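Asker: There's a structure below that I have some questions on.
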Amino acid sequence: MKHHKETEVLVVGAGPVGMFAALLLTRAGIDVEIIDQSERTASRSYGCGLHPHSLHLLNDAGLFDSVRDAGYRVDAVAFYDHARRRAEVDLSRLSGEFPYALALPQDTLEGMLEKELEAEGKNHIRWNHRLSELNHSGGGVVAVVEQLGWSAQGYVVPHMEEVIEGELEVKADFVIGADGPASEVRTCLNIDWAPVGASELFALCDFETDAEIGREARVLLAGHETEMLWPLSANAARWTLRVGSPDGPSDAPHKERTRIIVRESADRATAFQQWVQARTPWFAPPVKAINWLRDVPFTPRLAKEFGHGRGWLVGDAAHTSGPLGFQSINVGLSEAVELADKLKRILRDDASMDLLETYGRNRRREWECLFDLSHAVVPETGADPWVKENAARILASLPASSEELVSLARQLGLDFSADAQKRVLEFETA
Ligand SMILES: Cc1cc2nc3c(=O)[nH]c(=O)nc-3n(C[C@H](O)[C@H](O)[C@H](O)COP(=O)(O)OP(=O)(O)OC[C@H]3O[C@@H](n4cnc5c(N)ncnc54)[C@H](O)[C@@H]3O)c2cc1C
């Protein structure tokens, strides 16, 4: 049986960006439905760094105290060429209220956002609801949403199979596609999703150690090697190591939902330790326990447009980037803020629909620049030759966006060209 629902904004995807957009719209008094095909929030640390700019946005949304209490401050990033320390940036020299980045596992952030939505009282996420069709209709959109369930199949060895238990037709004034790299909203809107760079395979490993990790992230850039040690707490960190190119084209990786932590065996921990030690003996703290280890392919992609008509994209539905600077999740949070604000002005203040075209232009311009850092950056005379040579890779691994990215670049003797600054900082407002 088909059920019907009407709402002002349908948010497809309850990842961090979709939940943040839904929260801001709800608080602005907009009627929102938020659906997700999975059964719950993610269960791993994934994009585990918040940029200074994101801390501002979370502070504006009243979430700063919780993220600060659960997170771990990161004050500096040092860059290495093999054993040689070549450059560093000091985030504490940034102006503004939040001169640091915060290490916060993505599952913790998602849990907080879900709780905030619940606290609003009316917008519980509809988990196990998958968008299967979307059409523009009249002055809005009509979405077909499948309600998913599970059924045990097989007699001797039962296994669980997904079943469609029902269908929901949702009529909405607008739809936000926050449904990640394999976005169905983007497909239904017929928006091209092209790679803008080569795929790279990274090993990600969250581990505990008896050593003091400190508050400095360390990045190694040497030939094709790219590695980062990112603090997660005083005695835990994330290793991100480039292991090569994936064999053949790679699909976007899936987020896990199971809460069970399977500790890697002592043998695997030892093998990993030896591998890291062989590559980077100068900063390889001893691994006490591995909490998560996975090879993940990353392909930089950018949607041809951020939306049209009544359907607009945010977050990984519109772009995916590499793992080092946590750009996709953080810039996604900024997109959620801009889109929620513009939708509110259209729905409540009778503002023009042209605002949405502005949103699309602003956001694409910013990403064009972020993906083309080698042309966006102009080294100052006197900048370190190694920094000049590696400028694009260095900037792509900084935990910063917008003004803070420009300021940190200057600490390294790198400036953004006038055009690039315009793209990253000067957004159209009307
Ligand atoms: C294994 C892995 C490791 C990662 N590591 C890093 C890292 O080291 N550094 C980094 O910066 N980033 C990393 N990321 C990427 C980071 O997690 C994303 O940038 C972030 O999740 C983007 O948030 P989002 O809300 O835009 O999309 P997502 O978090 O992808 O959320 C999209 C949601 O939409 C739902 N959905 C999809 N299709 C439908 C549909 N048809 N109907 C309803 N719901 C739907 C999905 O279930 C999902 O919950 C990693 C991602 C993965 C999977």
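The values are calculated or read from the model by the stated rules, or taken from the named source; none is laboratory data. Here the structure is a predicted model, which is why all the values come from computation and not from measurement. So basically every Cβ, Gly included, is an ideal-geometry build from the backbone, and we count neighbours across all protein chains shown.
Asker: How do the helices (runs of 4 or more DSSP H) wholly within the range 386-430 filter down when requiring 2 or more residues that are aromatic (Phe, Trp, Tyr): which remain?
Answerer: Those helices (runs of 4 or more DSSP H) do not exist here; none qualify.
Asker: Follow-up question, since we're still on this one. Return the total of residues in the range 207-217 being in a strand (DSSP E or B), modelled with pLDDT under 95 and of a type in the set (D, E, K, R).
Answerer: Within the range 207-217, residues that are in a strand (DSSP E or B), modelled with pLDDT under 95 and of a type in the set (D, E, K, R) number 1.
Asker: I need the full set of residues from the range 167-183 which are within 12 Å of the ligand (Cβ to nearest atom) and either among the acidic types (Asp, Glu) or part of a strand (DSSP E or B) (or both), in order please.
Answerer: Within the range 167-183, LEU168, VAL170, VAL175, ILE176, GLY177, ASP179 qualify.
Asker: Turning to a different aspect of this structure: Taking interchain pairs and intrachain pairs at least six residues apart, which have beta carbon atoms under 7 angstrom, with the first residue in the range 205-219 and surrounded by fewer than 21 Cβ atoms within 10 Å (Cβ to Cβ) and the second at pLDDT below 90 and of a type in the set (Lys, Arg)?
Answerer: GLU208/LYS288; THR209/LYS288; ASP210/LYS288
Asker: Still on this structure: Would the range 392-405 turn up any residue that is under 17 Å from GLY322 (Cβ atoms) and basic (Lys, Arg)?
Answerer: yes
Asker: Against the conditions (1) surrounded by fewer than 19 Cβ atoms within 10 Å (Cβ to Cβ); (2) of a type in the set (Ser, Thr, Tyr); (3) within 16 Å of the ligand (Cβ to nearest atom), where does THR299 fall short? Just the number, please.
Answerer: Going through (1) surrounded by fewer than 19 Cβ atoms within 10 Å (Cβ to Cβ); (2) of a type in the set (Ser, Thr, Tyr); (3) within 16 Å of the ligand (Cβ to nearest atom) one by one, THR299 breaks only (1).
Asker: Okay, next question. Conditions: (1) surrounded by fewer than 22 Cβ atoms within 10 Å (Cβ to Cβ); (2) over 20 Å from the mean Cα position of the chain (by Cα); (3) of a type in the set (A, V, I, L, M). LEU373 meets all but one. Number of the miss?
Answerer: Status for LEU373: all satisfied but (2).
Asker: Let me confirm something: among ALA42, ALA61, which residue is surrounded by 15 or more Cβ atoms within 10 Å (Cβ to Cβ), without any contact (Cβ under 8 Å) to a residue 60 or more places away in the chain and within 16 Å of the ligand (Cβ to nearest atom)?
Answerer: On inspection, the qualifying residue turns out to be ALA61.
Asker: Of the residues in the range 391-404, how many are in contact with a strand residue (DSSP E or B) (Cβ under 8 Å, 6 or more places away or on another chain) and crowded, with 19+ Cβ neighbours inside 10 Å?
Answerer: 7
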